[in-house]
Amino acid sequence: MAALLHEVTLDKLTYGGDALGRLADGRAVFVRFALPGERVRIELTQEKEHFARGKLIEVVQPAPERIAPRCKHFGICGGCHYQHMPYEMQLSAKADILRDQLTRIGQIASPPVQGTVPSPQPWNYRNQVQFHLTPDGKLGYARDDAQAAAAPDVFAIEECHLPEEPINELWPRLELEATSGVQRVAIRAGSNAELMLALESSAAALPELEVEAGISVAHILDRDCVVLAGEDHVVMRVSGREFQVSAQAFFQVNTAVAEMMVQHVLAHVPDSSATVIDAYCGVGLFSAFLSGRCKRLIGIESSPAACHDFELNLEEFDNVELYEDLAEHALPALDIRAEVVLVDPPRAGLARAALDAIVKSAPRMLIYVSCDPATLARDLRRLIEAGYRLLKVTPFDLFPQTYHIESISILER
């Protein structure tokens, strides 16, 4: 029996990579890989009382902005969402979506959202990529949610235009046995083009893998990491400073934009701050530059691997302390009033205990680095209600060709 198709006109882009339209019954419908102004035919893949999701079947009337995607997997792969629109349109859309999220969810009237800072490289910008494995051991990506019901979750890829060139030269040559126990393969490229291969496994047995000389290999099982070849880290260079980054530690995937973000933060932090707290500090990307601007810098990080790297990356500074704990545990326990607090939480945003502790300590300036507009909007609303004024929100295009939006908000008490 043929699926029932619906024809709709789409109005605007929403966070998550969808375009929004209305069905004949008035329900909102979200459609991936489409553009505002387009007339499309869709098959409904999810239906709720007030909204639905649709799979794009045909573009009946394309938007004038629509362009041909660069990758053959676009529309199937869950990694890219915006290859069908020009880069300038992507930048504009992200600022508009961020503004909409702050207005609707945060209830912030006329939020001070700036224009999106572009990535110097809209392609081949990622210094790290994580691959899943197909049942026969080939490297692949997860299918887009709209496609997952009718096909396997992971498909083997033949090309990808997001990784830096050294990564793209390596991954097609990797071969893994289907029975190796490896679940995911991550490849990270350092600033000197050195490569680290991280094999995440469900089995304690070490996988067999032939790699070229000069490539580091780590086997990760739960929280344990065993180096099978080469070094236990790569070196990333930001604004002339080198950072050791271990296999299990987080680092921003777009090095050039990470540098822009650091400079943006430095432009807003006073030179003579007494105490600065860097919560969710990672390997010390912001701390390394802020430590020279204050008498005391306190880092908070829960990842043991990142803490190890932080200590090495900032060992030259005598005014730096590090607490290895969750921010929602450490911040309430610290009886310290900092002039500046910088937070860079995961997508879930600030845990309520962490936010309440920040409000209670009443720093003069709060810098919020966010990777999720919805949780940012929620947290900004709470902070504004607690007496903070939102001065500026600047989106940075850390993830070109995708819907993801990184931003830095500056608040003062």
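Coordinate-derived values only; no laboratory data. This structure is a prediction, so every number in the text was calculated from the model and none was measured. As a convention, Cβ positions derive from the backbone with ideal geometry for all residues, glycine included, and neighbour counts pool all protein chains shown.
Let me confirm the definition first: pairs of Lys residues in the chain, 8 or more apart or on different chains, C-alpha distance under 27 Å. How many are there?
For the chain, the number of qualifying lysine pairs is 15.
Springs between alpha-carbon atoms under 10 Å, Gaussian network over the chain: tell me which of Lys94, Lys72, Lys138 tops the mean-square fluctuations.
Lys72
Please report the spacing between the Cα centers of region 37-75 and region 168-206 in Å, no decimals.
Taking the Cα centre of region 168-206 as reference, the centre of region 37-75 is 34 Å away.
Let a ≥ b ≥ c be the square roots of the eigenvalues of the Cα gyration tensor of region 5-66; is it rounded (a/c under 1.5), or, if not, prolate (a/b larger than b/c) or oblate?
Cα axes put region 5-66 in the prolate bin.
With r as the distance between the Cβ atoms of Ala68 and Ala178 and R0 = 45 Å, compute the FRET efficiency 1/(1 + (r/R0)^6) and round to 0.05.
0.80
I'm spelling it out carefully: the read-out is Rg and Dmax of the Cα atoms in Å, the candidates are [x] 22.5, 72; [y] 21.2, 73; [z] 21.3, 67, and one was derived from this structure. Which label?
Of the labelled values, this structure produces [x].
Residues of region 124-147 with backbone nitrogen within less than 20 Å of a virtual label 7 Å along the Cα-to-Cβ line of Gln46, please, listed as ranges.
Counting only backbone N, you get 142-147.
To the nearest 20 Debye, how big is the dipole of region 5-66 about its Cα centre, given +1 on the beta carbon of each Lys and Arg and -1 on that of each Asp and Glu?
Values: 10 positive and 10 negative charges, 19 e Å.
So the magnitude is around 100 debye.
Just report the Cα centroid separation between region 220-236 and region 345-413, whole Å.
32
Which residue, chosen from His73, Pro166, Gln107, occupies the Cα position most advanced towards the positive end of the dipole of region 36-172, where the dipole is computed from +1 (Lys, Arg) and -1 (Asp, Glu) charges on Cβ about the Cα centre?
Final value for the positive-end residue is Gln107.
Note down the relative contact order for the chain as a percent, whole number, built from C-alpha pairs under 8 angstrom at least six residues apart. Walk me through the intermediate numbers first.
Details: 907 pairs, mean separation 54.3, N = 413.
So the answer I get is 13 percent.
Could you calculate the contour length gain from Asp325 to Asp356, that is, 0.36 nm times the residue separation minus the distance between their Cα atoms, to one decimal place in nm?
Values: separation 31, 0.36 × 31 = 11.16 nm, distance 1.69 nm.
9.5 nm is the gain from fully extending Asp325 to Asp356.
Suppose only helical runs count, i.e. DSSP H with n ≥ 4. What mean residue ellipticity at 222 nm does that imply for the chain under -39500 (n - 2.57) per run, divided by all residues and rounded to the nearest 500 deg cm²/dmol?
Calculated from helices alone, the mean residue ellipticity at 222 nm is -6000 deg cm²/dmol.
Among Asp335, Asp278, Asp372, which one shows the biggest mean-square fluctuation in a GNM of the chain, springs joining Cα atoms closer than 10 Å?
Taking springs between Cα atoms under 10 Å, the residue moving most is Asp335.
Looking at region 351-391, which trypsin sites (Lys or Arg not before Pro) are DSSP coil and have at most 16 other C-beta atoms within 10 Å of their C-beta?
Listed in order of number, the matching sites are Arg364.
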